[in-house]
Amino acid sequence: MRKIILTVVFLLSFIISMTDPSGTLAKPIKKDDIYIIIDPLKNHLKLFVNGALYKTYPIALGKRETPTPVGDLKVINKSRNWGSGFGTRWIGLDVPWGTYGIHGTNNPYSIGTDTSHGCIRMLNQHVEQLYEFVEIGTRVTILGHVLGEPQMEPRRLAKGDSGADVQLIQHLLQNAGYFKGTCNGKFGPSTERALLAFEKEHSLPIDGIMSQHDYMELGLLE
């Protein structure tokens, strides 16, 4: 009888440990079962747990001049109270051309707009929730096209700019034999020289600035 009671107590303890506060049996969460998808058209961040949508948060994204990176990224660092203006939490992403991340904000009225320098802003209480779920290596997918939203023209690019659009231009110039550097998304002197050579050979205005005529000659615009 004692053996049966101990067995029942053990099973009850196991079930309680696997149950969330709402009383439902919780499935163990693995790091690979957590990922984030960011929708720039709706300014939403979606957290997926165990393959299902767990929560949707409103966010602020980068403005046209300093767009939020797009593509498949990963979390590379986490910090509490990372710095002034970044709210209460920082979740860093592996963007090759700069420091970008998901963070809180001291300006909650900016949420829902495109006003940042490229980072993803959240309300502090929301990023604190997200912070507890993500780990180093958590996947973050930011939807969109590197040249921006379909109804907008690509931005003008010049020395000092950075982004996925710069990286795309570098790859195209490299494939055409003009760019010899690393395609790192940073518009530096070597990118400028490559663009100047491309413009000269194709009888375009020679200014080293990526403008509409350059996009058209590279086949990115019709």
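The values are calculated or read from the model by the stated rules, or taken from the named source; none is laboratory data. A quick note: this is a predicted structure, and the numbers were derived from the prediction, not measured. For neighbour counting, all protein chains shown are included, and Cβ atoms are generated from backbone atoms with ideal geometry for every residue, glycine included. For the accessible areas, the whole protein counts, side chains as well, though only heavy atoms, and no ligand, DNA or RNA atoms are used. Shrake-Rupley method; radii C 1.70, N 1.55, O 1.52, S 1.80 Å.
Would you point out the residue of the stretch 125-134, among those that are in contact with a strand residue (DSSP E or B) (Cβ under 7 Å, 6 or more places away or on another chain) and not β-branched (Val, Ile, Thr), that is most open to solvent (accessible area, probe 1.4 Å)? Please lay out each step first, then the result.
Our first condition is that a residue be in contact with a strand residue (DSSP E or B) (Cβ under 7 Å, 6 or more places away or on another chain); within the stretch 125-134, this holds for 126-128, 130-131, 133-134.
If we keep only those that are not β-branched (Val, Ile, Thr) too, we end up with 126, 128, 130-131, 133.
Values: HIS126: 37, GLU128: 64, LEU130: 0, TYR131: 23, PHE133: 48 Å².
Filtering the stretch 125-134 for residues that are in contact with a strand residue (DSSP E or B) (Cβ under 7 Å, 6 or more places away or on another chain) and not β-branched (Val, Ile, Thr), the one most open to solvent (accessible area, probe 1.4 Å) comes out as GLU128.
Mind checking which residues of the stretch 173-217 are crowded, with 17+ Cβ neighbours inside 10 Å, under 21 Å from GLU153 (Cβ atoms) and of a type in the set (A, V, I, L, M, F, W, C)?
LEU173, PHE187, LEU195, PHE198, ILE209, MET210
Could you list, in sequence order, all residues of the stretch 173-194 that are under 22 Å from ARG64 (Cα atoms), in contact with a Leu (Cβ under 8 Å, 6 or more places away or on another chain) and either at pLDDT below 95 or assigned to a helix (DSSP H, G or I) (or both)?
Taking the stretch 173-194 as the starting set, the residues that turn out to be under 22 Å from ARG64 (Cα atoms) are 183-188, 191-192.
Now narrow it down to the ones that are in contact with a Leu (Cβ under 8 Å, 6 or more places away or on another chain): 187, 191.
Across the stretch 173-194, the qualifying residue is only THR191.
Could you please let me know if ARG139 is open to solvent by 60 Å² or more (accessible area, probe 1.4 Å) and under 19 Å from TRP97 (Cβ atoms)?
On the way: open to solvent by 60 Å² or more (accessible area, probe 1.4 Å): yes; under 19 Å from TRP97 (Cβ atoms): no.
Answer is no for this residue.
Go through ILE136, ILE169, ILE91 for me and flag whichever is modelled with pLDDT of 95 or more and within 30 Å of GLN212 (Cα to Cα). Full working, then the answer.
On the way: ILE136 fails: within 30 Å of GLN212 (Cα to Cα); ILE91 fails: within 30 Å of GLN212 (Cα to Cα).
Going through ILE136, ILE169, ILE91 in turn, the sole match is ILE169.
What do you reckon, is HIS145 over 20 Å from LYS63 (Cα atoms) and either in contact with a His (Cβ under 8 Å, 6 or more places away or on another chain) or open to solvent by 60 Å² or more (accessible area, probe 1.4 Å) (or both)? Break it down stepwise before answering.
Details: over 20 Å from LYS63 (Cα atoms): no; either in contact with a His (Cβ under 8 Å, 6 or more places away or on another chain) or open to solvent by 60 Å² or more (accessible area, probe 1.4 Å) (or both): yes.
So HIS145 does not fit the description; no.
Looking only at the stretch 80-112, count every residue that is out of contact with any strand residue (DSSP E or B) (no Cβ under 8 Å at 6 or more places or on another chain) and under 23 Å from LYS186 (Cβ atoms) and tell me the total.
Residues that pass the stated criteria total 1.
Touching a Gly at 6+ places or on another chain (Cβ under 7 Å) and not small (Gly, Ala, Ser) - does that describe any residue in the stretch 195-215?
Of all residues in the stretch 195-215, those touching a Gly at 6+ places or on another chain (Cβ under 7 Å) come to 195-196.
From the residues that got through so far, the ones that are not small (Gly, Ala, Ser) too are 195-196.
Among the residues of the stretch 195-215, at least one is touching a Gly at 6+ places or on another chain (Cβ under 7 Å) and not small (Gly, Ala, Ser), which makes the answer yes.
Quick one: is LEU168 surrounded by 15 or more Cβ atoms within 10 Å (Cβ to Cβ), in a helix (DSSP H, G or I) and not aromatic (Phe, Trp, Tyr)? Outline the logic, then answer.
Details: surrounded by 15 or more Cβ atoms within 10 Å (Cβ to Cβ): yes; in a helix (DSSP H, G or I): yes; not aromatic (Phe, Trp, Tyr): yes.
So LEU168 passes the test.
So which pairs qualify, if the first residue must be in the stretch 37-50 and under 17 Å from LEU123 (Cβ atoms), the second must be of a type in the set (Asp, Glu), the Cβ gap must be under 9 Å, and the two must be at least 6 apart or on different chains?
Close Cβ pairs (under 9 Å, with a partner that is of a type in the set (Asp, Glu)) amount to ASN43/ASP114; LEU45/ASP39; LYS46/ASP39.
Anything in the stretch 125-135 that is acidic (Asp, Glu) and assigned to a loop (DSSP other than H, G, I, E, B)? List them, or say none. Before the answer, list the steps.
Filtering the stretch 125-135 for residues acidic (Asp, Glu) gives 128, 132, 135.
Scanning the stretch 125-135 gives a single hit, GLU135.
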